[in-house]
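First comes the structure, then the notes that go with it.
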Amino acid sequence: MYNFGIFVLKYMIMKITKLMATLFGVMFLLSFTTTFYKEDVYAVNTKESKVEFSGNKKSGYHPGYFPVKNGTVNVANGKITGGKFEIDIAGIKVTDESGEHLEGTLKSKDFFNTAAFGMAQYDITAVNYKDDTNAEILGNLTVKGIKAEVKFNAVIRDVNDKSLFAQGFFTVDRTKIGLPGFEKDIAKDVQIAVHLFASK
């Protein structure tokens, strides 16, 4: 009987030891994961960031830009993992001689209708890195309440523990986001260049 009691006690000690080893192992893995996968949120620098565009037609093009109203970028282990941005459509600037006249046309009910839809939004849904500085960005662009999937190639110029700078270049079919044309010679495709600055 005494030997049986000793056997049971040793068995329980062995089980408790294994359980403790398992718990310590799980705690180590959790601490390892937390240490090496820490996601930070960077705030967009709205003074430096902008979304440039080029609207094209048979006889030439009109350049301009939209200010970025606000936004955030998610970063983990030195890589961009997500983000969301509000683009100030009502603040559109045309930078050629057409200037204010064309701005008024683009803000009208026939085009962006900025009185009702002053902001556009872009939400990143996935980031696929091709190498350390080049990535494919996937996300949803919402303009005038119309959501369209937009993906593009981005160049991640710099990401450090305080700030980041990235650029993206892509083409949007304006008819897919509810933007009509006034003349037959106006191209559907609009070239976009994003210049994004953000910091913690």
Counting only residues that are in contact with a Ser or Thr (Cβ under 7 Å, 6 or more places away or on another chain), within 16 Å of Glu52 (Cα to Cα) and modelled with pLDDT of 95 or more, how many does the stretch 147-190 have?
1
Under 18 Å from Ala193 (Cβ atoms), touching a residue at least 12 places away in the same chain (Cβ under 8 Å) and in the same structural domain as Phe53 (by TED's automatic domain parsing): does that describe Ala126?
no
Residues in the stretch 130-148 that are of a type in the set (Gly, Ala, Ser) and either part of a loop (DSSP other than H, G, I, E, B) or outside the structural domain of Asn74 (by TED's automatic domain parsing) (or both) total 1
Those residues of the stretch 96-146 which are basic (Lys, Arg) and within 21 Å of Lys50 (Cβ to Cβ), in sequence order:
Lys107, Lys144
For the stretch 106-116, check the following and say yes or no: at least one residue is at pLDDT 95 or above and in a strand (DSSP E or B).
no
Of all the residues that make up the stretch 39-51, how many are crowded, with 17+ Cβ neighbours inside 10 Å and of a type outside the set (Val, Ile, Thr)?
3
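Residue-wise test of (1) part of a helix (DSSP H, G or I); (2) surrounded by 16 or more Cβ atoms within 10 Å (Cβ to Cβ); (3) of a type in the set (S, T, N, Q).
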{"site": "His62", "(1), (2), (3)": "no, yes, no"}
{"site": "Phe66", "(1), (2), (3)": "no, yes, no"}
{"site": "Val75", "(1), (2), (3)": "no, yes, no"}
{"site": "Ile80", "(1), (2), (3)": "no, yes, no"}
{"site": "Leu102", "(1), (2), (3)": "yes, yes, no"}
{"site": "Tyr122", "(1), (2), (3)": "no, yes, no"}
{"site": "Thr125", "(1), (2), (3)": "no, no, yes"}
{"site": "Asn128", "(1), (2), (3)": "no, no, yes"}
May I ask you to verify whether Glu86 is at pLDDT 95 or above and either acidic (Asp, Glu) or not in a strand (DSSP E or B) (or both)?
yes
Please count how many residues of the stretch 171-192 are surrounded by fewer than 16 Cβ atoms within 10 Å (Cβ to Cβ) and either basic (Lys, Arg) or under 24 Å from Ala43 (Cβ atoms) (or both).
3
Looking at the stretch 73-102, I want the residues that are small (Gly, Ala, Ser) and have a partner that is assigned to a loop (DSSP other than H, G, I, E, B) with Cβ atoms under 6 Å, at least 6 apart or on another chain. Which pairs are those?
Ala76/Tyr37; Ala90/Thr114; Ala90/Gly118
Please verify whether the stretch 23-42 includes one or more residues that are under 22 Å from Phe169 (Cβ atoms), assigned to a strand (DSSP E or B) and at pLDDT 95 or above.
yes
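The values are calculated or read from the model by the stated rules, or taken from the named source; none is laboratory data. Owing to the predicted nature of the structure, the values given are computational and were not obtained by experimental measurement. Please note: Cβ atoms are built from the backbone with ideal geometry, for glycine as well, and neighbour counts cover all protein chains shown.
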